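Enquirer: Here it is, the structure in full.
The values are calculated or read from the model by the stated rules, or taken from the named source; none is laboratory data. Predicted, not measured: the structure shown is a model, and the values here were computed from it. Counting neighbours? That spans all protein chains shown, and the Cβs are built from the backbone with ideal geometry, glycine included. Quick note on the areas: whole protein, heavy atoms, side chains included, nothing else; ligands and nucleic acids left out. Shrake-Rupley method; radii C 1.70, N 1.55, O 1.52, S 1.80 Å.
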Number of protein chains: 2
Amino acid sequence: MSDTDNRPHIVILGGGFGGLAAARELDDPSMRVTLIDRRNHHLFQPLLYQVATAGLSAPSIAAPLRQILRKQANATVLMDEAMDIDLAHRRVQLRQGPIDYDYLVVATGATHAYFGHDDWAADAPGLKTLDDAFTIRRRVLTAFERAEREDDPAKRQAWLNFVVVGGGATGVELAGTLAEIARHTLPREFRRADPRRANVVLVEAGPRLLPAFADALSAKARRQLEKLGVQVRTGTAVTAIDGGGVLLGEEPMQARTVLWAAGVSASSLGRTLDAGLDRAGRVRVEPDLSLPAHPEVFVVGDLASLVQADGKPVPGVAPAAKQMGRHAATRIRALLRGETGKAPFRYRDDGSLATIGRMAAVAQFGKLKLSGVLAWWVWLIAHVYFLIGFRNRLVVLLDWAWAYWTYQRHARIVTGEDVKIGNPTLPEDASG
Amino acid sequence: MSDTDNRPHIVILGGGFGGLAAARELDDPSMRVTLIDRRNHHLFQPLLYQVATAGLSAPSIAAPLRQILRKQANATVLMDEAMDIDLAHRRVQLRQGPIDYDYLVVATGATHAYFGHDDWAADAPGLKTLDDAFTIRRRVLTAFERAEREDDPAKRQAWLNFVVVGGGATGVELAGTLAEIARHTLPREFRRADPRRANVVLVEAGPRLLPAFADALSAKARRQLEKLGVQVRTGTAVTAIDGGGVLLGEEPMQARTVLWAAGVSASSLGRTLDAGLDRAGRVRVEPDLSLPAHPEVFVVGDLASLVQADGKPVPGVAPAAKQMGRHAATRIRALLRGETGKAPFRYRDDGSLATIGRMAAVAQFGKLKLSGVLAWWVWLIAHVYFLIGFRNRLVVLLDWAWAYWTYQRHARIVTGEDVKIGNPTLPEDASG
């Protein structure tokens, strides 16, 4: 890309919470900013499970990066994908050509990982992108359709068994919502297979759900899920997954729908950065988020691995990514002013929230712990507040009010040209 | 499928306007109704172009068939696809097994057709399903992204040239909306390629746009489109299409995005019905919509070909499909009561509407002809009124008000795992 602009050029890779926060913080006509993402949109991932479970439309939780930054005249958005980073020459190799930088912010995040079992991916989709959400929506809705068509009781039940692997926030949210759909949204609509016979099993290898929360809230979350009809199996490892079901330790369970919410691994771009990686493939950064020996390169968000001075690791959550993006931007502005200090990043914990179902959630703000209805209201207000764009906030509120009163979910649409409803013996038929 | 129910069984193939109208008209506990569609949803096709052009979310114009019919206790919905019809044994072969009927309503509609040029399909997507709309949305939005990345002026312009083939309602709506997006929605958001340089060319082989409307309205529609910046080329045949552009007669035009709104052909299921077909593959039905020699089988909607007593063919539009569906249902009820007459179907023309852009439309109600702002308001009220579901009506109104005031389009989200942003020389990269 040719350019005659002499301003310092800051390239940001990734338009998630970290990259977007950095771009916004660099709104200054004395520098130019290029934000690069292989998707055209910023995604509000905390509500992605609602797209997967047909409660929200995709455009309600996503906004074009160009539109978000349209008033920031020093910022250019490019839809492209970084393939390699040449630190010595300060150049990023994109799919469509190279781009040079003076400062670089790498914020390409993480994806789901199967702990060495990549062959599970086809039978147990994870949830990171809108396309992942469409895949899960298609499989879940198609499973109920297949149950309705099935005369054999055992085979029918296999279509009504849902296994969610992983007891973190995403797993809890998916399991709780699936149970609600089966018990409240669908029953009156099927004539042969009763959706209330659906089994939703939430499997967690560790000793408790929501390990990021206090013990007491883990226990509350479990009770709230069980009240919704979810079977919670903690201390249980999934040892095999295929199209017909799972092995829970040694115990087989028939289930045609398995959802993966267990593990993440960092973007592979981290491996090109000439720095140490932790076990999840995240880049070990300096306390100021820069790369060792490369003070002009910062890594933020889920791709960064940092243990703070107090011994606590920075968690892989949206608020941490935002704070890191802003910190990297502040550091770049200081470097451009000629300052030499390396102010360390400090994560400010504004609290944690996880929702379970209608009027059920858990929340933790330092020593304050909430559960049930009150936590649910806090969750709702916080999520609507942080959604980008007035229109999205209004429509999401409307959709939620509608869903609350009617028990309906408005996005129950199966799409995808590859939906095959043919051979019932092959698991991939359910979703392609 | 085993069944011990002795009530007469009416099977309806297709959950579009015709099939759904028939099912609703057969809400009677003395009979049982099975509605079969290979999708899980009814689609409000008149607004599909707005999903394709990122103005509406898919769930705003689609509703699960099960949900629509949930209170009609005699109706069962199955997600499956009819492969063959055995008229002699009154049996439909579905992908997942056979189903027997006493009465059959075939309402599987039409799809777009390339007049013997099926190889054009990959480079000129048509618009019939939600997946088609996502494909068009992805291609259009990606084209502007590619233009922004392109340094060569001629190649950049090729990404900014859009050809819409076919001057019926869909073609007019797509072309008008594309011109608005280029001129009003996107300009402030791109830094290098000015979206206002986009050329939208609407090509029609016949002498005028909107042939279903009066001459004066065709001329008005053309003027309104030209005011929006659309180049209208009537009397011009497209003779070739590939990834690089089109041939208009002998004249080549570079364009990386070509949309097909020119032709439809009836569902291939018509060929299994042992009846005459017209040139578009539609089934020639008796005046009462039944099959010759099979008074228990009715064909309705876009799959039916019928010239009425006054010599006018029934048009392939949503109101005609609905009226036909209701007529077939009424005939079945009469047959079940033992009546022998064969009341003919009569199409009641409630008027025609086509929208062109902001505050621009044409409308024709018998001798009353409207254009401009007034026609646009009539169009808006009619389309919201006929949308299924209170929630959808409210959200669509909200989205339209939002788009009107801000010029924004909220569904500008590129999805599809197969989006390739790699090799700029291959046309299929733009959309996969």
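Enquirer: Return the residues of segment B:251-276 that are open to solvent by 60 Å² or more (accessible area, probe 1.4 Å) and in contact (Cβ under 8 Å) with a residue 24 or more places away in the chain; say none if nothing qualifies.
Expert: B:GLN254, B:VAL264, B:ASP274
Enquirer: Given the criterion in contact with a Ser or Thr (Cβ under 7 Å, 6 or more places away or on another chain) and closer than 30 Å to B:ALA182 by Cβ, identify the matching residue among B:VAL297, B:VAL238, B:VAL264.
Expert: The match here is B:VAL264.
Enquirer: Hand me the list of strands (runs of 3 or more DSSP E) wholly inside segment B:187-256 holding 3 or more residues that are β-branched (Val, Ile, Thr).
Expert: Qualifying strands (runs of 3 or more DSSP E): B:199-203, B:238-242.
Enquirer: So the check is Cβ under 7 Å with 6+ separation or different chains; which pairs have a first residue in segment B:363-389 that's of a type in the set (D, E, K, R) and a second one that's open to solvent by 30 Å² or more (accessible area, probe 1.4 Å) and in a helix (DSSP H, G or I)?
Expert: Once the first residue is of a type in the set (D, E, K, R) and sits in segment B:363-389, its partners that are open to solvent by 30 Å² or more (accessible area, probe 1.4 Å) and in a helix (DSSP H, G or I) give B:LYS369/B:ALA216.
Enquirer: Looking at this structure, is B:ALA88 small (Gly, Ala, Ser), part of a loop (DSSP other than H, G, I, E, B), over 18 Å from the mean Cα position of the chain (by Cα) and away from every other protein chain (no Cβ under 11 Å)?
Expert: yes
Enquirer: Then there's this: Give segment B:320-359 a look and list any residue that's assigned to a loop (DSSP other than H, G, I, E, B) and in contact (Cβ under 8 Å) with a residue 60 or more places away in the chain, or say none.
Expert: Once the filter is applied, which keeps residues that are assigned to a loop (DSSP other than H, G, I, E, B) and in contact (Cβ under 8 Å) with a residue 60 or more places away in the chain, segment B:320-359 yields only B:ARG358.
Enquirer: Among (1) under 24 Å from the mean Cα position of the chain (by Cα); (2) open to solvent by 10 Å² or more (accessible area, probe 1.4 Å); (3) closer than 30 Å to A:ARG139 by Cβ, there is one condition B:GLY19 misses while meeting the rest; what is its number?
Expert: (2)
Enquirer: Could you tell me which residue of segment A:96-116 is farthest from A:VAL317 (Cα to Cα), considering only residues that are within 12 Å of another protein chain (Cβ to nearest Cβ) and buried (at least 16 other Cβ atoms within 10 Å of the Cβ)?
Expert: Taking the candidates together, the pick is A:GLN96.
Enquirer: Same structure again: Restricting the first residue to segment A:186-209 and requiring it to be more than 14 Å from chain B (Cβ to nearest Cβ), which pairs with a second residue that is open to solvent by 20 Å² or more (accessible area, probe 1.4 Å) and among the hydrophobic types (A, V, I, L, M, F, W, C) meet a Cβ separation below 6 Å and a spacing of at least six or different chains?
Expert: What qualifies is A:VAL203/A:VAL238; A:ALA205/A:ALA237.
Enquirer: Also: Can you give me the number of residues within segment B:17-43 that are more than 13 Å from B:THR129 (Cβ to Cβ) and either assigned to a strand (DSSP E or B) or of a type in the set (S, T, N, Q) (or both)?
Expert: Matching residues across segment B:17-43 total 6.
Enquirer: From the residues in segment B:149-159 that are in a helix (DSSP H, G or I) and surrounded by fewer than 23 Cβ atoms within 10 Å (Cβ to Cβ), which one is nearest to the other protein chains (Cβ to nearest Cβ)?
Expert: Only one residue fits best here, namely B:ARG149.
Enquirer: Additional query: For A:ASN6, all conditions in the list (1) away from chain B (no Cβ under 14 Å); (2) in contact (Cβ under 8 Å) with a residue 60 or more places away in the chain hold save one; what is the number of the exception?
Expert: Condition (2) is where A:ASN6 drops out.
Enquirer: Given the criterion free of Cβ contacts under 8 Å to residues at least 60 places away in the same chain, at negative phi and not assigned by TED's automatic domain parsing to the domain that holds A:HIS327, identify the matching residue among A:ASP152, A:ASP132, A:ASP86.
Expert: A:ASP152
Enquirer: Return a yes/no flag: does segment B:44-67 have any residue that is within 12 Å of another protein chain (Cβ to nearest Cβ), under 16 Å from B:ARG326 (Cβ atoms), open to solvent by less than 10 Å² (accessible area, probe 1.4 Å) and not in a strand (DSSP E or B).
Expert: no
Results for (1) closer than 17 Å to A:ALA63 by Cα; (2) facing chain A (nearest Cβ under 8 Å); (3) open to solvent by less than 20 Å² (accessible area, probe 1.4 Å); (4) modelled with pLDDT under 75, shown as yes or no for each residue.
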residue	(1), (2), (3), (4)
B:ALA382	no, no, no, no
B:ILE388	no, no, no, yes
B:VAL396	no, no, yes, no
B:ALA403	yes, no, no, yes
B:ARG409	yes, no, no, yes
B:GLU417	no, yes, no, yes
B:GLY422	no, yes, yes, yes
B:THR425	no, no, no, yes
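Enquirer: Moving on to the next point. Looking at (1) in the same structural domain as A:ARG146 (by TED's automatic domain parsing); (2) touching a residue at least 40 places away in the same chain (Cβ under 8 Å); (3) in contact with a Leu (Cβ under 6 Å, 6 or more places away or on another chain); (4) surrounded by fewer than 23 Cβ atoms within 10 Å (Cβ to Cβ), which is the one condition that is false for A:LEU248?
Expert: If we test A:LEU248 against (1) in the same structural domain as A:ARG146 (by TED's automatic domain parsing); (2) touching a residue at least 40 places away in the same chain (Cβ under 8 Å); (3) in contact with a Leu (Cβ under 6 Å, 6 or more places away or on another chain); (4) surrounded by fewer than 23 Cβ atoms within 10 Å (Cβ to Cβ), just (3) comes out false.
Enquirer: Run A:ALA320 past the list (1) modelled with pLDDT under 95; (2) in the same structural domain as A:GLY19 (by TED's automatic domain parsing) and report the number of the one that doesn't hold.
Expert: Of the numbered conditions (1) modelled with pLDDT under 95; (2) in the same structural domain as A:GLY19 (by TED's automatic domain parsing), the odd one out for A:ALA320 is (1).
Enquirer: Is it the case that B:VAL200 is of a type in the set (Val, Ile, Thr), over 23 Å from A:ASN40 (Cα atoms), crowded, with 19+ Cβ neighbours inside 10 Å and under 24 Å from the mean Cα position of the chain (by Cα)?
Expert: no
Residue-by-condition table, conditions (1) of a type outside the set (Gly, Ala, Ser); (2) under 15 Å from B:ALA361 (Cα atoms):
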site: B:ALA182; (1), (2): no, no
site: B:ARG188; (1), (2): yes, no
site: B:ALA205; (1), (2): no, no
site: B:GLN224; (1), (2): yes, yes
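Yes/no matrix, rows are residues, columns are (1) open to solvent by 30 Å² or more (accessible area, probe 1.4 Å); (2) over 24 Å from A:SER371 (Cα atoms); (3) among the aliphatic types (A, V, I, L, M):
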| residue | (1), (2), (3) |
| --- | --- |
| A:ASP131 | no, yes, no |
| A:THR135 | yes, yes, no |
| A:ARG139 | yes, yes, no |
| A:GLY171 | no, no, no |
| A:ALA175 | no, no, yes |
| A:ARG188 | yes, yes, no |
| A:GLN224 | yes, no, no |
| A:GLY235 | yes, no, no |
